[in-house]
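Asker: Got a structure for you, written out below as structure tokens; questions coming shortly.
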Amino acid sequence: CAVLARFGVLSALTAKGASTNVLNSAKREDLPAEIATVVFELAQDKPSAPIKSAFGWSVFRVKEITPAHTRGFDEVKDELKKEMALRLAGDSLGHLSKTLEDELAGGANVEQAAKAVGLETVKITTDRSGFDKGGAQVLADAADREEILEQLFKLASGGDSGLKETRAQTVFVAHVDSIEEAKLRPFDEVRGKVVTVWQV
């Protein structure tokens, strides 16, 4: 890799508006091909001839050259482990998603499809605010809770969401068993909360 100083056509033109930029530790693959071809043939501290590229006319000078270095296994093993884990997770998720979709397309309900791929289902009762009849917050641990609830309330009674992926990369499928119309709850059901709020 090389540390580059990019000048206008001549340093003397700086006063006329030419700019100077430093590209620290640039690798060949970091540069456009027409520039990399010239820059990586330069000797240290020897300016190039003017080069015309998509950035306009430029002159390059290599200030420092770092010899190529092969990193040892101990140096990269953590990176490799993370990369392989992500790759395997992606492959596994893709396989599970396809199997789940095939099960649903074949007539299985959500619980049956989930069982076929070794997943558990979660049953919730919720209002649009995300609380159950007891006033507890549903899906409280889900980072993308609001997005999931939004999808749920787009469904009709008996409807399936199909396979969905949230912005936080949670993949889920939902089924609505039934929908209750909004109504006022009997006073006896909310007496305790009313008293608590009143006392506060």
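The values are calculated or read from the model by the stated rules, or taken from the named source; none is laboratory data. In this text the structure is predicted, and so the values were computed from the model without any measurement. All Cβ positions, glycine included, derive from the backbone under ideal geometry; neighbour counts span all protein chains shown. Accessible surface is based on the protein model in full, side chains and every heavy atom, while ligands, DNA and RNA are left aside. Shrake-Rupley method; radii C 1.70, N 1.55, O 1.52, S 1.80 Å.
Asker: Could you list, ordered by first residue, the pairs with Cβ atoms under 9 Å in which the first is in the range 37-53 and under 16 Å from Pro67 (Cα atoms) and the second is part of a loop (DSSP other than H, G, I, E, B) and open to solvent by less than 70 Å² (accessible area, probe 1.4 Å), at least 6 apart or interchain?
Answerer: The qualifying pairs are Val39/Leu31; Val39/Ser48; Phe40/Leu31; Glu41/Ser48; Leu42/Ser48.
Asker: Determine whether Thr99 is assigned to a loop (DSSP other than H, G, I, E, B), of a type in the set (S, T, N, Q) and surrounded by 12 or more Cβ atoms within 10 Å (Cβ to Cβ).
Answerer: no
Asker: Another question about this same structure. Kindly evaluate Ala43 against the criterion of being in contact with a Leu (Cβ under 9 Å, 6 or more places away or on another chain), open to solvent by less than 90 Å² (accessible area, probe 1.4 Å) and not hydroxyl-bearing (Ser, Thr, Tyr).
Answerer: In short, no.
Asker: Please state which one of Ala168, Ala114 is assigned to a loop (DSSP other than H, G, I, E, B) and of a type in the set (Gly, Ala, Ser).
Answerer: Ala168
Asker: Within the range 172-191, work out how many residues are open to solvent by 50 Å² or more (accessible area, probe 1.4 Å), at pLDDT below 85 and of a type outside the set (Asp, Glu).
Answerer: Of the residues in that region, 7 qualify.
Asker: Then there is this: Which members of the range 113-147 meet the condition of being open to solvent by 50 Å² or more (accessible area, probe 1.4 Å), more than 24 Å from Gln169 (Cβ to Cβ) and modelled with pLDDT under 85?
Answerer: Lys133, Gly134
Asker: Now for a different question. Being touching a residue at least 24 places away in the same chain (Cβ under 8 Å), touching a strand residue (DSSP E or B) at 6+ places or on another chain (Cβ under 8 Å) and under 15 Å from Ser178 (Cα atoms) is the filter here, so list the residues in the range 112-160 that pass it.
Answerer: Within the range 112-160, Asp160 is the sole residue that qualifies.
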